[in-house]
Every structure is written in C-alpha cells, then in structure tokens.
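Have a look at the structure below, then the notes.
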Amino acid sequence: MIKRIIISLLLISSLLLAFGATWIYSQVDSALPILEGKETVFGLKKSAVIERDEQGIATIKASSRLDVAVATGFVHAQERFFQMDLLRRNSAGELSSLFGSVALNYDKSIRIHRFRDRAREIVNNLPSDQKALLKAYTRGVNQGLMYISSQPFEYLLLQQEPAQWSEEDSILTIFSMYIDLQYHDGQRERSLGLMKAILSADVYAFLNPKGSIWDAAIDGTQYKSSPLPKGAWPSASVSNFKNINNGVYLAKYKDNAKYLADEFPGSNNWGVSGDISSTGSAIIANDMHLGLRVPNTWFRASFEYPSDKKQIKVTGATLPGTPNMVVGSNGFIAWGFTNSYGDYNDVIKLETINDGKQYLTPTGAKNFSFYKQIIAVKDEEPVEIITKETIWGPIIGKNYQGQLLVYRWVAHDKEAINFKAKELELATSVTQAFNIAARSGIPSQNMMVGDKAGNVGWTIMGPIPKKNGQAGETPTFWHKGQHGWQGYLTPEEYPSILNPENHRLWTANSRVVGGEMLQKLGDGGYALGARAGQIRDDLFADETFDEKSLLVIGLDDRALFLKRWQAFLLSTVINKQSLITNNDFKEVKNILSKDKSLQASINSVSYRIVRNFRINVRDLVFSELNSTFKALDDAYKFRSIRHQVETPLWQLITQQPNNFLMRPLNSWQDVFNQALQQTIDDMRTLDSGEKQDLTAATWGQQNTTTIKHPLSKAVPFIGKWLDMPANALSGDSYMPKVQGKAFGASERMVVSPGHEETAIFHMPTSQAGHPWSPYYGIGHKDWEQGKPSPFLPGKTKYKLTLLSY
C-alpha cells in the first residue's frame, strides 16, 4: 500500500514537473519576435515592411518617416523591450521596483536629478514635428509589445509584468546615456576640489597637469606638464593630514579587480578626406566604447522612405528606446561619435544663511525647493525620500568642510535632449551636418563626419554651456554673480575643423583642440592622449586608405604606451641588487628581454607583466595620498583622475625625489620591488587559488570576456543559454583596440558615403534579445575576430508586413 502511494506521488510529481516545464517552454517560446507574415498595427498611415537578413539586421521600408518610426518602435519592442525597460528605469531611479532593495541605494542616488519630471517637461516642449515622431515611435513600441504572445521572457523569470511605453520613456533612455557618458554626481570635480583645497598650488598643478608628451590634438596644440614640487610635499596644510593615516593604504580588491581595464566610456573615430581615399569620398571609421552586455547597446537597421520627392536610405545603428539613427550613412554623409569629455557640469559651493534655511544668489536670499518622491521596492514597502534643490540644481552632498554642494548639469536643462539628429538622415554635406550637430540635444560628442564630395570634418554634437568667471574645474561660489552659466553656445559659436591640410582627423576622448576652442569646451576629464596619438601615427604611416586599411587601425593592439615601462623595468627595476634579493626577477627579465614588440596579444606574458606592474606601482605610489583624501571626504574617487596621474607618476619614478613625504616605503627601489613581486604573485595565482607557472600567465588568460545578460548572475543556471562564450581577446585600454573583459567596442564601423557596398560593420553579441532567436549570437565572432563584415543588410530571409488600420 505504501509503495503504491509513493509511486503515485512520484508519478504526480513527474506530471506536474513536466506540465510546469511545458508551460515555461511555451511561455518563453511565445515571447519570440514575429519575423514573417502580416500584422495590423495601429498608428500606421500606410503599410510598412520589415525585412531581416540571416543576422536579423532590419530593413524598414515605409511611405513616410513617421511610419518608419512606428515600425522601428515595433521592432525594438519585439527584440529588445527588456533592455529598453532597464534604460528608462535606470535614469528614472526605478530599478528597485523590478529587482528589489538591492537597487535601492542606486535609485536614491539617481532620484536627486528628477529625470522623470524633466522628461515630461522636455516632451511637452518639443516642436510639433519631433513630438509627432516620438508619438509614432511610442505607438509602435506598445503595438510590438502587445503582439508578443506572452511577455518578454525576462519578466517571467522576475515574476513581473512589463509596463507600457510612453513618450517620456524615450527621453529617459537618452538620460541613461547622459549617466553613462558624463559624471552624474560631480565625482571628478569634487575630487579635484578637495585636492586643490588641501594641497599647495605647485603640488596641485603637478598632480593635475594640463598637458603631457601624449597630447595628440587635431589642431597640433601642445600643453606642458608641471614640474616636480621643489619643497617637501604634500606640505598641505600638513595639519589636514595629521593622524588620519598611520600606515600604507592598500585597497582591497576582489578577484584581481584592480587589474581590470581602465574602462573609459568613450570611443575612437577617425576619418580621411576624399583626397587620400580609394573611393574619392571621405571615409569615416568609428568604434564606440561602452560596457558590453547581452544584448548589445545598439540595434542595426536600415530605413527607406520618401522625402521631398527623394528616396532616403540610411543605414547604421539605432538605440532601442529611441526613433533615430545614431551613427551611420545616408549615401551622402557618414558620421560617428566619441565621447567629448568637455566640461558640461559644475559643482557649486552654497553660501547659506538663517541656520541653513536659505541660500544666497546674485539676486538675494532664496528658499530651498523640496520634492517628495516615492520609490517602489519589489516585495517590500515603498520608500519615501525628500530631495532638495536650488535655482542652479539639486543638492548633492557636502564637502569636507561641511559646505553644501549643488550640481549644475546640462542634463537638467531643456536643451539636453531633442530629436533634431533625425535631420542627419537628409543631410548631403559636412557643413549641413555641422549645423544639425550644433542644434541637437544629446550627451555632447565629438562628431566625425565625411561626405560624398570628399569633405571631412570634426565638431561637437550636443549642447555646450556658455560660462563666465571660474565656473569649471573645481567647486566655486556662484552667489556673487561673477561665476556661472549664461545660456548655451549658438551654432555660429561651435568649435569645428573642416578639411585640414593633412586630410586626416582623429579623436579618442582626449583633448581634441586647444586655444579658444578649448576654452569653450573646458576639461571634463580628458583621457590621456596615448590612444589618440597611436591612431594619428597610424594615419600618417600611409598615403592612401580604403575601408579595410582604416579597420586595421582600429584593431591595432601594439602597446606603444607601455614600451617605456618595459624599458624601465629592464633598466632600473631589475638591477644587480634586486636580482640577488628577489629570485623571481630573473625569470621576468628573460621574458621581457625576448619581447621586442610588446603587444596586448592573447599569448603575451610580457605584456601582462608590464601592464600590471604599472598599475601596482601607481596604486602603491599614491596609496597614502589616496587614503588621506578618502578619509577627509568619502566623495573623493581616485578613479575619476587616474588618467591624468600617468604624467606625474612617470616623473616621480624616473626622478625619484626624496621630498615626497608620502612615499609608502623606505626607498623608491623598495616600491618597485614590492610592485613587481605583487605582480608576479598575482599572475601565478589563478582565481581558484591554484598556482601556475609565470610563463602560463598570458594576457589572454586575464583578458577573457565575460559578456553576460543582466539576469544570468541572478539566475546562474540560465547563463549558458544567455551569455556570450568566454574567449580570450587581444587589446586593452591605451591602444586603438580597446578591449576588456566586459568593455570595449560596442560596434566598429568604417564607411565611405556613396560606397556603402564596400563598407564594414560588426558588433558584439547580436541583434537578438531572445536566446531562442534564429540569429542569437550571430555576428559576435566577426566582432571577436575583427572580420570586415558587410555594413549593409544582406539578402532578405524574413519578411514581415505591418498593415495600417
């Protein structure tokens, strides 16, 4: 009897499991996008066609631009709705409602910007044509979501229901790019402000140089680094340093996290004029560096529609959540972006009165504004927070002296976002593109643009604030009126360079121009110019170019930046005495001596040694200084200034002064020995804790990709279906081929307008967001291998017709 009961229970359990598995399978399967057939879609004026090739690259054909927007929204929702949802929640501070309290602190930090309120205001003030575009796109998104038979599979796993899209959500999507590409918390300016307040002027200038040997501006301007301080330093206000730190600060990193690539959201772009191109048109190359995840940031598409009796065809990359083509070519112009790192925000010190109840402004005392916000938290009670604002922006905290700090940021103004970039689809020349760029609302970018006639140019696309006084690098008081913003630059005032005499242009997040143009842009934390300089030198190494030769530049993984560090190791660090006292150094010397080229190739042990040694030296040399600053003000972040310290670091280790009071060890040689030994020990230790020979510790072993879906960490067993394969890849930070474990080129594009049939495009992961899609992961290998795959969509494999009501 008992046996029968047990057997019956097992059978029932098996049936329930089978039923559950079948139901889950059916739900996931029914969330696949519709690829073929005919569907009726509300919002279309006439029918639209969506053709996909074997990679899922979409060609959208419609009778008007508004119908293209409807169809684009439909496709984005079907393929990438969860990604779109994360982008809008990210900037709205609404991730907790999806993921629970784990996201609460982040949501609180973002809510001070009130981006959802600002998004609504921007939508209400858009010109009628842009508002119509946004409404058409939104209709398409919600129709696409409705036509998914169940719901996107991510919501099944999270046990949530997807919320419909609204016009303001597209604005929030772009606000997420602001958060990604610019400081949302004043981190860099607050860090520099602390340094400037504590250090003497010569020490501050030394640690914050205006230029270096790596400068690679396209106008040829050079700025010098600052000399070593002559007196003992930091003499700070030495009282500020007393009793804060009694020992060496050694940051605690998990799983060798300190060796991760110096991720610097930005990009490379470079271009040549028709005078030195094989096509006679300009050629533009672009790779945008972002965090890499599944699915990819971009969605490839081609739009075809009539406009003013002309047939428009524009191809490139779109951003799911928005209706425009981000980068690409329309047959007449091609354009691409890199993050410009101009100064688009300022931290303001507030002068308060009446026991902090009011603050002073140029027009007198004012009361603070307060905003109550409710944060929904999954499976918990909602959390209420109050944010505090001034006429300049929100309160973001206090400095080490207890003064309130306010954040003035382009992203808080109505000029931050618009959809004028749509006009690029119709532009036929570089000068037209310049005018559009100066009127566009996006996070301000270096725009590289070339046209079919052979012209090539650079400008800034996005709003540039017009500043007066000392509004800029470090926090200042604005209440007397001598510092502040006075609106935005007009199109006529925008910096630009058209058709340089050498026929070549390049940008890579470092300073692009000097003089008056630099004064307009300011310095928001430029990258070191090593990457830009290597691209420049590659461009001057040849006299003529085609698309493939420009792609080769983007795949250049030579470690020219680290060559001097390799020489320093061999000539200074590994000397007779250190060889006697450190048994491992001889092996290092043998490895480095044999490598004459030094590349970030997957099989290179020498590259990994030199690179990681530099990081250990940097962290050790500045360890006490960093811990002291951190103890004074928790807002201090060394990461925000890490690129600029290469210049003073090199001066310190090569000149080895004795007046640096915060050297962490007794001698400079002790610093070098400890850094190198730490490098060796870490390279010999696997993540599992097991040991390996130093010769097995290749760069590829360290630089193995971890490109994952956001949910694979939360639900590990599904990772093998969602995540991209973990492969060793060449490249790193200070070279054209930027590549980290989960950071790098989110796309690579090389295109000559009018010659799109020979253009190149590839990107990581794939078009698909659903793991059962027939093209999930297709195209990823081309990106990994740097294969010159086609820019234009291929032969149609799937055709979906959207019918109007």
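The values are calculated or read from the model by the stated rules, or taken from the named source; none is laboratory data. None of these values were measured; they are calculated from a predicted model. Cβ atoms come from the backbone with ideal geometry, glycine included; neighbour counts cover every protein chain shown. With ligands, DNA and RNA removed, areas are computed over all heavy atoms of the protein, side chains included. Shrake-Rupley method; radii C 1.70, N 1.55, O 1.52, S 1.80 Å.
A compact table of results
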read-out: All helices (runs of 4 or more DSSP H) inside the stretch 107-224 with 2 or more residues being of a type in the set (D, E, K, R); value: 115-125, 128-146, 167-181, 187-198
read-out: Candidate set: the stretch 548-583, residues that are under 18 Å from ARG614 (Cβ atoms) and among the charged types (D, E, K, R); chosen: the one least open to solvent (accessible area, probe 1.4 Å); value: ASP557
read-out: Answer residue from the stretch 165-189, given it is open to solvent by 30 Å² or more (accessible area, probe 1.4 Å) and either in contact with a strand residue (DSSP E or B) (Cβ under 9 Å, 6 or more places away or on another chain) or of a type in the set (Gly, Ala, Ser) (or both) and is nearest to PRO323 (Cα to Cα) among those; value: SER166
read-out: Qualifying residues in the stretch 300-344 (those that are of a type in the set (Lys, Arg) and in a strand (DSSP E or B)) - the one farthest from the chain's Cα centre (by Cα); value: LYS310
read-out: Scope the stretch 46-81; condition part of a helix (DSSP H, G or I) and surrounded by fewer than 23 Cβ atoms within 10 Å (Cβ to Cβ); matching residues; value: ARG65, LEU66
read-out: Residue in the stretch 352-359 that is within 25 Å of LYS196 (Cβ to Cβ), open to solvent by 30 Å² or more (accessible area, probe 1.4 Å) and without any contact (Cβ under 8 Å) to a residue 24 or more places away in the chain present; value: no
read-out: Among (1) open to solvent by 40 Å² or more (accessible area, probe 1.4 Å); (2) modelled with pLDDT of 95 or more - the single one ILE244 does not satisfy; value: (2)
read-out: Any hit, the stretch 191-205, residues being among the β-branched types (Val, Ile, Thr), open to solvent by less than 30 Å² (accessible area, probe 1.4 Å) and in contact (Cβ under 8 Å) with a residue 60 or more places away in the chain; value: yes
read-out: Residues being surrounded by fewer than 17 Cβ atoms within 10 Å (Cβ to Cβ) and in contact (Cβ under 8 Å) with a residue 24 or more places away in the chain - total across the stretch 473-484; value: 3
read-out: Top-ranked residue of the stretch 110-164 - restricted to ones that are of a type in the set (Asp, Glu) and in contact with a helix residue (DSSP H, G or I) (Cβ under 8 Å, 6 or more places away or on another chain), ranked as surrounded by the most Cβ atoms within 10 Å (Cβ to Cβ); value: GLU154
read-out: Candidate set: the stretch 675-707, residues that are among the charged types (D, E, K, R) and open to solvent by less than 60 Å² (accessible area, probe 1.4 Å); chosen: the one farthest from LYS258 (Cα to Cα); value: ARG684
read-out: Within the stretch 396-432, considering residues that are aromatic (Phe, Trp, Tyr) and part of a loop (DSSP other than H, G, I, E, B), the one most open to solvent (accessible area, probe 1.4 Å); value: TYR400
read-out: Residue in the stretch 613-628 that is in a helix (DSSP H, G or I), surrounded by 15 or more Cβ atoms within 10 Å (Cβ to Cβ), modelled with pLDDT under 95 and of a type in the set (A, V, I, L, M) present; value: yes
read-out: Yes/no for VAL326 being in contact with a Phe, Trp or Tyr (Cβ under 8 Å, 6 or more places away or on another chain), open to solvent by 20 Å² or more (accessible area, probe 1.4 Å) and closer than 30 Å to THR758 by Cβ; value: yes
read-out: Out of ALA541, ALA508, sole residue that is open to solvent by less than 30 Å² (accessible area, probe 1.4 Å), aliphatic (A, V, I, L, M) and either under 23 Å from GLY554 (Cα atoms) or touching a helix residue (DSSP H, G or I) at 6+ places or on another chain (Cβ under 6 Å) (or both); value: ALA508
read-out: Long-range neighbours under 6 Å by Cβ, at least six apart or interchain, first residue more than 15 Å from TYR607 (Cβ to Cβ) within the stretch 576-595, second at pLDDT 95 or above and assigned to a loop (DSSP other than H, G, I, E, B); value: PHE585/ILE574; LYS589/ILE574
read-out: Residue tally, condition open to solvent by 20 Å² or more (accessible area, probe 1.4 Å) and among the hydroxyl-bearing types (Ser, Thr, Tyr), over the stretch 278-310; value: 3
read-out: Matching residues in the stretch 689-716 - criterion: being part of a loop (DSSP other than H, G, I, E, B) and polar (S, T, N, Q); value: GLN692, THR698, ASN703, THR705, THR706, SER712
read-out: Residues that are over 16 Å from PHE561 (Cα atoms), assigned to a loop (DSSP other than H, G, I, E, B) and among the aliphatic types (A, V, I, L, M), drawn from the stretch 643-664; value: LEU661, MET662
read-out: Number of positions in the stretch 710-757 that are aromatic (Phe, Trp, Tyr) and surrounded by 21 or more Cβ atoms within 10 Å (Cβ to Cβ); value: 2
read-out: Complete set of residues in the stretch 490-505 that are free of Cβ contacts under 8 Å to residues at least 60 places away in the same chain and open to solvent by 20 Å² or more (accessible area, probe 1.4 Å); value: THR490, PRO491, GLU492, GLU493, GLU501, ASN502
read-out: Residue count for the stretch 631-659, restricted to those that are of a type in the set (Phe, Trp, Tyr), modelled with pLDDT of 95 or more and open to solvent by less than 40 Å² (accessible area, probe 1.4 Å); value: 1
read-out: Count of the stretch 535-574 residues which are outside any helix (DSSP H, G or I), within 23 Å of GLY786 (Cα to Cα), in contact (Cβ under 8 Å) with a residue 12 or more places away in the chain and among the aliphatic types (A, V, I, L, M); value: 2
read-out: Restricting the stretch 360-389 to residues that are β-branched (Val, Ile, Thr) and open to solvent by less than 20 Å² (accessible area, probe 1.4 Å), the residue that is farthest from ARG188 (Cα to Cα); value: VAL377
read-out: Yes/no for GLY321 being over 19 Å from ALA759 (Cβ atoms), open to solvent by 10 Å² or more (accessible area, probe 1.4 Å) and touching a helix residue (DSSP H, G or I) at 6+ places or on another chain (Cβ under 9 Å); value: no
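One line per residue, one yes/no per condition, for (1) acidic (Asp, Glu); (2) farther than 20 Å from PHE585 by Cβ:
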residue	(1), (2)
TRP650	no, yes
ILE653	no, no
ARG663	no, yes
ASN666	no, no
VAL671	no, no
GLU690	yes, yes
THR698	no, no
THR706	no, yes
ALA714	no, yes
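Residues are listed down the side, and each one gets a yes or a no for (1) over 30 Å from VAL449 (Cβ atoms); (2) touching a residue at least 12 places away in the same chain (Cβ under 8 Å); (3) in contact with a helix residue (DSSP H, G or I) (Cβ under 9 Å, 6 or more places away or on another chain):
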{"residue": "THR695", "(1), (2), (3)": "yes, yes, yes"}
{"residue": "TRP699", "(1), (2), (3)": "yes, yes, yes"}
{"residue": "LEU711", "(1), (2), (3)": "yes, yes, yes"}
{"residue": "TRP721", "(1), (2), (3)": "yes, yes, no"}
{"residue": "SER752", "(1), (2), (3)": "no, yes, yes"}
{"residue": "GLU757", "(1), (2), (3)": "no, yes, no"}
{"residue": "THR765", "(1), (2), (3)": "no, yes, yes"}
{"residue": "GLY777", "(1), (2), (3)": "yes, yes, no"}
